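The block underneath contains the structure these notes are about, expressed in structure tokens.
Bear in mind that the values in this text are calculations on the coordinates, not laboratory data. Bear in mind that the values here come from a model prediction, so they are computed numbers and not experimental data. A quick note on method: Cβ atoms are made from the backbone with ideal geometry, for glycine too, and the neighbour counts reach across all protein chains shown.
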Amino acid sequence: MRLKPLSLLALSLGCGAPLSASTMPHGHRTSAAAIVDRLGSSASKFSDYEALDANRCTALPLLISALEKLPPVRPGKVGGALGRPDNPLTDRTSDLLRALRILTNHDEFGPITRREFLALPVYPERPGVLDGILQRDSLIADLPDGRSRYFSYWISHGSSFYAPQRTQRAIKAQWRTFVTKFDCHARLPRSRWHASFFNG
């Protein structure tokens with residue numbers, strides 16, 4: 001998973017109507033669609049998020065549609081020590097979710113049962129290594145009981161931990177519900193551009 005440079009830019013938009021991609025000029029939709037299509041690829045760059053934010057009303061439905069087309073990621077660790085290698089699915093999934101978080105200043109958490117949590121893999125800690133290994137606990141840390149992130153991310157190690165597939169599917173559905181009601185012209189805080197937020 002590529003760690004992208006931080007940006008201090010947060011574009012301020014005025015209050016307006018609810019989300020509707022059809023109200024935006026065709027050229028904006030074409031440009032946003034091209035950017036969404038390359039998220040998760042080697043051609044993607046952090047400025048793509050800024051461009052999508054500048055055309056938020058067009059971009060959000062495109063991001064939801066793109067996310068819904070992806071299959072769930074196999075649960076467990078990706079990247080870093082002991083993790084499976086990053087791949088096009090994990091790169092695209094994480095970039096789409098980052099874009100949704102930045103454009104809405106919001107995140108969604110899905111259901112997880114104790115049985116599902118305990119069925120997730122546990123990775124052996126190396127003796128004498130103080131910084132440890134990203135584990136399943138990171139999915140539920142600081143969340144209410146029975147809730148999980150889609151994936152957790154350890155910035156310094158470049159590693160992710162993905163939730164059970166049922167949790168991933170539920171979060172996708174929740175994102176669609178949220179975006180259909182979201183005011184895409186709302187003023188949003190600069191904190192959404194901080195890596196500790198948009199990386200999950």
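What translational diffusion coefficient, in µm²/s and rounded to a whole number, does the Stokes-Einstein relation yield for segment 137-200 at 10 °C and a viscosity of 1.306 mPa s, taking the hydrodynamic radius as the Kirkwood radius over Cα pairs? Walk me through the numbers on the way to the answer.
On the way: Rh = 13.5 Å.
In µm²/s, the coefficient is 117.
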**Q.** FRET efficiency estimate (nearest 0.05) - Cβ-Cβ, SER191 to GLU125, R0 25 angstrom
**A.** 0.15
(Q) Using the Cα atoms of segment 93-167, I'd like the radius of gyration and the largest Cα-Cα distance, Dmax, both in angstrom. (A) 13.3, 41
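For segment 35-170, what is the relative contact order in percent, using Cα pairs closer than 8 Å and at least 6 residues apart in sequence?
On the way: 172 pairs, mean separation 39.2, N = 136.
Relative CO of segment 35-170 lands at 29 percent.
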(Q) If I take the Cα coordinates of segment 43-124 and project them onto the principal axes, what are the three extents in Å, biggest first? (A) 43, 28, 22
Q) For ALA33 and ALA51 in one chain, what is 0.36 nm times their gap in residues minus the Cα-Cα distance, to one decimal in nm? A) 5.4 nm
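Roughly what % antiparallel, to the nearest 5, for the DSSP beta bridges in segment 48-179? Can you show the working numbers first?
Numbers: 9 of 10 bridges.
Within segment 48-179, antiparallel bridges account for around 90 percent of the total.
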